[in-house]
Amino acid sequence: MMARSRSAKAAKAPVSRSCCDGVRSFEIAHNAGIQLKVRLSLKTATVPDTWFNRLVIGAVALGFLALLATGLTAYHLVQENQFHSSRVNHTFQVERAITDFLATMERAEAGRRGYLLTGVAAHAETFYDARKHLFPLLTRIRDLTRDNPREQASVARLIALTRSDLPFMEQSVALVRSGRRDEGVRLFRNSVGRRAITVLRAQAAVMIDEENRLLAIRDAATAGSIRLFYATVAAAGTILVLVGAGSIWVILGYTRSLAASRDALRRLNADLEGAVRERTTELQRANDEIQRFAYIVSHDMRSPLVNVMGFTSELETAARKLRAMMDRVDQKAPGLIDKDARSAANEDLPEAIRFIRTSTEKMDRLINAILRLSREGRRRIAPETLDMNAMFLSVADTHRHQLDMKEIDFSVVSRLPTIISDRLAIEQILGNLVENAIKYMSPGRRGRIEIRGRIENQRAIFEIADNGRGIDCKDHERIFDLFRRSGVQDQPGEGIGLAHTRALAYRLGGTISVDSELGRGATFRINLPVTCPAEQEA
Amino acid sequence: MNTHQPVNIIMVEDDEGHARLIEKNIRRAGISNTIHHFRDGTSALEYLHEAPDGPAHNGPALILLDLNLPDMSGADVLGRIKAADNPLRRTPIVVLTTTDDKIEIQRCYDLGCNVYITKPVNYESFADAIRQLGLFLSVIQVPDLPEANG
């Protein structure tokens, strides 16, 4: 989609540029077909609206953003879950430590009671062994629950209880060991020992309850975060499905509209070819009409001209006879012929006849020029491969005598491109331009004619540069008009050559222009298609 | 049997001046045959086919034909005279016109024109051409016409 609009823009650029270049109407007509084609394709390319494009891009971006957010949330939830799990684990550790402590306490109590009852030393060992573990266990509980003030308070109480009760237990065991068993038993019967263990149990139960409460909270948190995780995953899945479906929908839509516009283009192209063909035929017809017109007019103008010249000759012959007769009369009867009659026969008549003759001769040349142009227009173009180097050199050879006489340096400066075009037309173009360059040299300096050529964008460009007298800027267009010339009229000519040259260049699908400054020489530039299309028979 | 019969020159030319110049130059070449001048195709054809002193009924002829005529194209006149069933089809026709278009010239020869001459604008060459035509006329052997024989 992007590439398409870009290429459409790129295609438009050169067209608009060539329109602004002020190319003459001929070329515009020549390019009309191509221009039309580009404009049509642009029209089809802009069918999908811009706001819709933006919407689609926005939606896709939103979808991906949502996905990213879901991913981040999931990551966060997993982290949280891990934290909760560790807390739950911690709770279990605390519970286990409390249970361990209780069990050890029970074991110590059981060992003491066994010893009090039986006096077997192994029981005393059990008591001491268990007792040894009591405080470390309590310390562990206290360390584990450092984050919980309530549990800390409970642990403190537990420690206090243990501290207050344990001396009684130790004392009763010590009494039995020292043989004062009865005292020991009495001490045991004293409610202190029993109370201690009961209170401890209760306290431990309180702690376990507290831990269970925490566990419940943490379980709930874990469950919550898992639920959230599932919800997030579900949301992500939904968004993915939506984005996917949307993308597929848009792609399908585009494919369909692409196919439609391709079909439309194909149809338009087909129509266009017809339109171009029709237009070409029309132009061809108009051109033919002009050619015919020029041809007929010049022919019909010739007919009266035959009379004018014919009867002028007759008149001349008659005048000559009259003059001879006057001479004879003069000899036989001098004074019979007056001065006026003599000057009429000897001066006025020949002068009038001379003017009529030069004018009609000039008119005949002009008519012939028009005829030649119109005939050239009717000639069929036959393109063939032309080695322009050879063409220029052969033109120079044709004018070798003049070049040598006027001491003009003729050189082909660069290797000229080879083109496919009509040999006769190119020969005439080059001949005219080289001839002009020779004709309008500056008398003061040594003449120089340089030929350059290059290829630019499928167009071959040839330059014929001289250092002659140059052409005034205001005449740069005028010199290409029929019968128009520029500068001092000190050279023979009718003002036909350049008009003919331009007509030929147009005929070959090319253009011709001039760069010049008065007194600084002139550069004529021919711009021709590298391959001149063969034309159909008119 | 008709060798002593003079050949009539029939000139079909709408331009008065051209006609005059042609006649003058033919005379200058020493040709004294009668010249019948017609300004359009219709009257020329009528004379050729119908007139009692015309070539269809009376003697051989040579036709000078201009292609630009007011009422019809000279090529039409040429085509009619050279048609297969026309008794005058063997009459020599000289097309004398300003047109030097190749296609036009070919067409005239295809239609059976015997000589095609382009009127040169330059009078000297024009006079020359006509005078040479005059010389040509003086040696030309005009064919017998069936009617003339009969």
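In table form, for the structure just shown:
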| quantity | calculated |
| --- | --- |
| Neighbouring partner chain Cβ atoms per residue of A:307-318, average, 10 Å criterion | 4 |
| At R0 = 30 Å, FRET efficiency that the Cβ-Cβ distance of A:Asp129 and A:Gln152 yields, to 0.05 | 0.60 |
| Pairwise FRET efficiency - A:Ile381 versus A:Glu351, Cβ, R0 = 51 Å, nearest 0.05 | 0.60 |
| FRET efficiency, B:Asp40 to A:Ala344 (Cβ-Cβ, R0 41 Å, nearest 0.05) | 0.55 |
| Computed label-point distance, nm, for sites A:Lys332 and A:Arg227 using a 7 Å Cα→Cβ extension | 15.3 nm |
| Charge dipole (chain A, unit charges on Cβ, about Cα centre) - positive-most of A:Met405, A:Ala160, A:Ser516 | A:Ala160 |
| B:Phe136 versus A:Ala59: modelled label distance in nm, points set 7 Å from Cα along the beta carbon direction | 9.0 nm |
| Expected-Rg normalisation [2.2 N^0.38 Å, Cα atoms] applied to the range A:110-198 | 1.22 |
| Value in Å of the Kirkwood radius, where the range A:374-523 supplies the Cα pairs that are averaged | 15.9 Å |
| Largest-first ellipsoid semi-axes for the protein assembly as shown, taking √(5λ) over the Cα gyration tensor eigenvalues, angstrom | 132, 32, 18 |
| Calculated SAXS-style log₁₀ I(q)/I(0) at q = 0.12, 0.14 Å⁻¹ - chain B, Debye, Cα scatterers | -0.45, -0.63 |
| Bins of 5 Å from zero: percent of alpha-carbon pairs in the range A:75-162 | 3, 14, 19, 17, 13, 11, 8, 6, 4, 2, 2, 1, 0 |
| Neighbour-count order for A:Met363, A:Met169, A:Met388, A:Met405, fewest beta carbons within 10 angstrom listed first | A:Met405, A:Met363, A:Met388, A:Met169 |
| Residue mean of other protein chain beta carbons inside 10 Å, A:297-304 | 4 |
| Rounded if a/c under 1.5, otherwise prolate or oblate - the range A:281-438, Cα gyration tensor axes | oblate |
| Under-13-angstrom lysine pairs by C-alpha in chain A, whenever the two are 8 or more apart or on separate chains | 4 |
| Principal axis dimensions, the range A:436-475 - Cα atoms, whole angstrom, descending | 39, 25, 12 |
| Residue order, fewest to most surrounding Cβ atoms within 10 angstrom, among A:Trp51, A:Trp249 | A:Trp51, A:Trp249 |
| Chain A: angle of helix A:423-439 to the longest principal axis, Cα-based, in degrees nearest 10 | 70 degrees |
| Point-charge dipole on Cβ atoms (K/R +1, D/E -1) for the range A:344-449, about Cα centre, debye to 20 | 260 debye |
| Mean Cα-pair separation over length for the range A:424-538, i.e. relative contact order, pairs under 8 Å, 6 or more apart, % | 29 percent |
| Projected-area mean, the range A:115-267, by convex hull of Cα positions, square nanometres | 15.3 nm² |
| Kirkwood Rh, Cα atoms: Rg over Rh of the range A:374-439 | 1.02 |
| Kirkwood hydrodynamic radius of the range A:257-374, from inverse mean 1/r over distinct Cα pairs, in Å | 19.8 Å |
| Footprinting exposure proxy for A:Arg150, A:Arg302, A:Arg375 (fewest neighbouring C-beta atoms within 10 Å first) | A:Arg150, A:Arg375, A:Arg302 |
| Full-stretch length increase - A:Phe293, A:Phe52 - with 0.36 nm per residue and alpha-carbon distance subtracted | 80.9 nm |
| 16 Å reach of a label modelled at A:Ser85, 7 Å along Cα-to-Cβ, counting backbone N of the range A:230-248 | A:230 |
| Rg(Cα)/(2.2 N^0.38 Å) for the range B:9-87, N = residue count | 1.08 |
| 5 Å binning of all Cα-Cα separations within the range A:272-330, expressed as whole percents from 0 upward | 5, 14, 10, 9, 8, 9, 7, 6, 7, 5, 5, 4, 4, 3, 2, 1, 1 |
| Residue-span extension gain [A:Ala534 to A:Gln284] - 0.36 nm each, minus C-alpha spacing | 88.6 nm |
| Cα gyration tensor shape for the range A:475-531, rounded if a/c is under 1.5, else prolate or oblate | oblate |
| 222 nm mean residue ellipticity, helices alone, for the protein assembly as shown (DSSP H n ≥ 4; -39,500 (n - 2.57); rounded to 500) | -23500 deg cm²/dmol |
| log10 of Debye I(q)/I(0), alpha-carbon scatterers only, for the range A:219-293 at 0.15, 0.17, 0.28 Å⁻¹ | -0.76, -0.82, -1.09 |
| Rg(Cα) / (2.2 N^0.38 Å) computed for the range A:350-389, rounded to two decimals | 2.02 |
| Inter-label distance, nm, simple model (7 Å from Cα along the C-beta direction), A:Ala220/A:Ala270 | 7.6 nm |
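We did not get these values from a lab; they are worked out from the coordinates using the rules stated. Not measured: the values here are computed from a predicted model. Using ideal geometry, Cβ is built from the backbone for each residue, glycine included, and neighbour counts are taken over all protein chains shown.
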